[in-house]
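Take a look at the structure set out below.
The values are calculated or read from the model by the stated rules, or taken from the named source; none is laboratory data. Just so we're clear, the structure is a prediction, and the values are computed from it rather than from any experiment. Counting neighbours? That spans all protein chains shown, and the Cβs are built from the backbone with ideal geometry, glycine included. To get the accessible areas, we keep the full protein, side chains included, count just its heavy atoms, and leave off ligands, DNA and RNA. Shrake-Rupley method; radii C 1.70, N 1.55, O 1.52, S 1.80 Å.
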Amino acid sequence: MSEPAKRKLRVATTSLAGCFGCHMSFLDIDEHLFELIELIEFDRSPLTDIKEVGECDLGIIEGGLCNAENVHILREFRARCRKLVAIGACAVNGGLPAQRNHLKLTEILEEVYHTSPGIAQGLIPNDPELPLPLNKVHPLHEVVKIDWFIPGCPPSGEAIWKALTDIVAGRDPQLGFGLLRYD
Amino acid sequence: MSPTFTLDGKEVPFREGQTIIQAAHAAGQWIPHLCYHPEFKPHGSCKLCTVTVNGRHMASCTTQAAAGQVVESDTEALNGERRTLLQMLFVEGNHFCPSCEKSGDCKLQATAYDLGMMTPHFDHFYPCRPVDASHPEILLDFNRCILCSLCVRASRDVDGKSVFALSGRGIGTKLVVNAASGRLADTDVAMDDKAIAVCPVGVILKKRRGFAVPIGERTYDKAPISATEE
């Protein structure tokens with residue numbers, strides 16, 4: 001009797017208030033992509049262009065939360081993924097976008113769209129299609145439970161590969177010296 | 001023959017008057033710490049060097065070594081408590097490593113790496129702490145201050161100036177400088193002060209020196225802090 005084929009883990013990924021740098025770093029696992037694709041299949045992800053997240057084993061989220069849409073997508077991921085991974089500095093602690101947190105949102109919008117030099121009669125965008133910005137940028141774990149974290153800006157391809165192989169093998173990801181980085 | 005205590009089961013000799021952390025480091029056994037510095041009087045505030053002495057939690061930088069003590073340090077329970085202390089330090093300030101000049105040379109960051117801190121865990125405070133760029137040569141970025149008081153001790157005890165002080169109490173405690181204006185430029189700080197060199201994080205920075213050392217060649221890129229420091 002032949003062994004039953006192992007079911008592939010279904011994985012969704014997204015970038016919220018991030019720069020897609022973590023996704024680019026994920027591609028830096030290079031030839032490991034061939035090994036990985038034997039173990040996982042992609043659901044919603046910039047790599048598949050599927051727009052809605054389906055029932056998944058793993059959700060990998062880059063970027064923090066800077067607007068209402070980010071929060072909505074994060075909650076969808078939490079509802080449909082058995083485990084969630086926060087990847088990169090922005091997902092873990094807010095990162096670069098969170099450096100606006102000591103400024104008032106109204107003052108930021110005023111300066112960006114009204115008062116900075118070169119802007120003549122600028123208007124603060126208010127199209128209903130645009131998601132509303134949050135007063136402060138938050139990391140993911142402040143809104144939903146996050147199961148695992150991969151810090152780094154971005155985490156290296158090696159760090160991502162180590163974490164993914166740990167997860168696929170059923171272990172909590174551990175990044176030792178050289179792989180655990182916050183910068 | 002010098003008296004000894006045991007640290008994680010190993011015999012550690014000590015001289016009369018040595019603290020546990022001094023004896024441990026002299027014997028080549030690492031105990032994590034942030035506010036302790038071998039050149040200064042202990043402050044005992046960061047609590048990262050907490051060990052158990054005969055089962056009781058004690059700060060190893062303020063506890064004198066005594067013959068026969070049974071000291072435990074590198075245990076999962078104590079390292080877990082240390083990670084929690086680090087997480088609280090990270091969320092109380094604004095620690096954005098990717099844009100910090102001290103990244104790679106920072107003892108807070110290196111200690112968090114060494115103890116495997118994967119997440120800050122708690123909700124962030126994101127405090128508003130304006131920088132002091134008044135001095136032509138030195139920048140103060142209070143966002144990263146962990147209140148270790150090393151600059152306070154160095155300025156007072158070595159430089160004889162008391163340029164820095166900790167002001168306020170509890171969560172309101174903050175680093176201040178000794179000038180009526182509150183600006184570093186109006187103090188008698190000098191570039192060769194010990195206080196300028198001793199900051200373990202990225203608060204006291206010499207201007208126009210940032211990012212001079214490339215990633216891969218910084219202090220803690222090469223080896224973990226536990227293998228780098230005494």
If A:Leu103 satisfies every condition in (1) facing another protein chain (nearest Cβ under 10 Å); (2) touching a helix residue (DSSP H, G or I) at 6+ places or on another chain (Cβ under 8 Å) but one, which is the exception?
-> (2)
All conditions in (1) more than 10 Å from every other protein chain (Cβ to nearest Cβ); (2) at pLDDT 95 or above; (3) open to solvent by 20 Å² or more (accessible area, probe 1.4 Å) are true of A:Pro155 except (3)
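Would you please name the residue that is surrounded by the most Cβ atoms within 10 Å (Cβ to Cβ), looking only at residues in region B:92-104 that are more than 8 Å from every other protein chain (Cβ to nearest Cβ) and more than 19 Å from A:Pro155 (Cα to Cα)? Don't jump to the end; show me each part of the working.
Taking region B:92-104 first, the residues more than 8 Å from every other protein chain (Cβ to nearest Cβ) are B:92-93, B:101-102.
The next check asks that each one be more than 19 Å from A:Pro155 (Cα to Cα); those that pass are B:92-93.
Working: B:Glu92: 18, B:Gly93: 23.
Looking at the filtered set, the residue picked out is B:Gly93.
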Residue that is nearest to B:Lys222 (Cα to Cα), among those in region A:143-180 that are touching a residue at least 12 places away in the same chain (Cβ under 8 Å) and of a type in the set (Phe, Trp, Tyr) | A:Trp161
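Considering only region A:45-85, how many residues are in a loop (DSSP other than H, G, I, E, B), open to solvent by 40 Å² or more (accessible area, probe 1.4 Å) and either in contact with a Gly (Cβ under 7 Å, 6 or more places away or on another chain) or on the phi > 0 side of the Ramachandran plot (or both)? Please lay out each step first, then the result.
Our first condition is that a residue be in a loop (DSSP other than H, G, I, E, B); within region A:45-85, this holds for A:45-55, A:63.
Still in the running and open to solvent by 40 Å² or more (accessible area, probe 1.4 Å): A:46-52, A:55.
From what is left, the residues that are either in contact with a Gly (Cβ under 7 Å, 6 or more places away or on another chain) or on the phi > 0 side of the Ramachandran plot (or both) are A:49.
Summing the residues that are in a loop (DSSP other than H, G, I, E, B), open to solvent by 40 Å² or more (accessible area, probe 1.4 Å) and either in contact with a Gly (Cβ under 7 Å, 6 or more places away or on another chain) or on the phi > 0 side of the Ramachandran plot (or both) in region A:45-85 gives 1.
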Every pair of residues 6+ apart whose Cβ atoms lie under 8 Å, when the first sits in region B:26-42 and is closer than 25 Å to B:Thr84 by Cα and not assigned by TED's automatic domain parsing to the domain that holds B:Arg153 while the second is among the basic types (Lys, Arg) and open to solvent by 20 Å² or more (accessible area, probe 1.4 Å) | B:Gln29/B:Lys10; B:Leu34/B:Lys107
Restricting region A:159-175 to residues that are open to solvent by 40 Å² or more (accessible area, probe 1.4 Å) and more than 20 Å from A:Glu41 (Cα to Cα), which is nearest to the other protein chains (Cβ to nearest Cβ)?
-> A:Gln174
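Do we find that B:Ile146 is buried (at least 23 other Cβ atoms within 10 Å of the Cβ) and not hydroxyl-bearing (Ser, Thr, Tyr) in this structure? Can you show your working first?
Details: buried (at least 23 other Cβ atoms within 10 Å of the Cβ): yes; not hydroxyl-bearing (Ser, Thr, Tyr): yes.
Yes.
Kindly indicate the residue of region A:120-134 that is assigned to a loop (DSSP other than H, G, I, E, B) and touching a residue at least 24 places away in the same chain (Cβ under 8 Å) and also surrounded by the most Cβ atoms within 10 Å (Cβ to Cβ) among those meeting that condition.
Residues of region A:120-134 that are assigned to a loop (DSSP other than H, G, I, E, B), as a first pass: A:120-132.
Adding the requirement that they be touching a residue at least 24 places away in the same chain (Cβ under 8 Å) leaves A:131-132.
Details: A:Pro131: 14, A:Leu132: 11.
Applying the filter and picking the extreme gives A:Pro131.
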Single unsatisfied condition, B:Met191 versus (1) among the aliphatic types (A, V, I, L, M); (2) surrounded by fewer than 21 Cβ atoms within 10 Å (Cβ to Cβ); (3) within 17 Å of the chain's Cα centre (by Cα) = (3)
So which residues in region B:117-138 are open to solvent by less than 50 Å² (accessible area, probe 1.4 Å), within 7 Å of chain A (Cβ to nearest Cβ) and not aromatic (Phe, Trp, Tyr)?
-> B:Met118, B:Thr119, B:Pro120, B:His124
Determine whether A:Val137 is in a strand (DSSP E or B), among the β-branched types (Val, Ile, Thr) and open to solvent by less than 70 Å² (accessible area, probe 1.4 Å).
-> yes
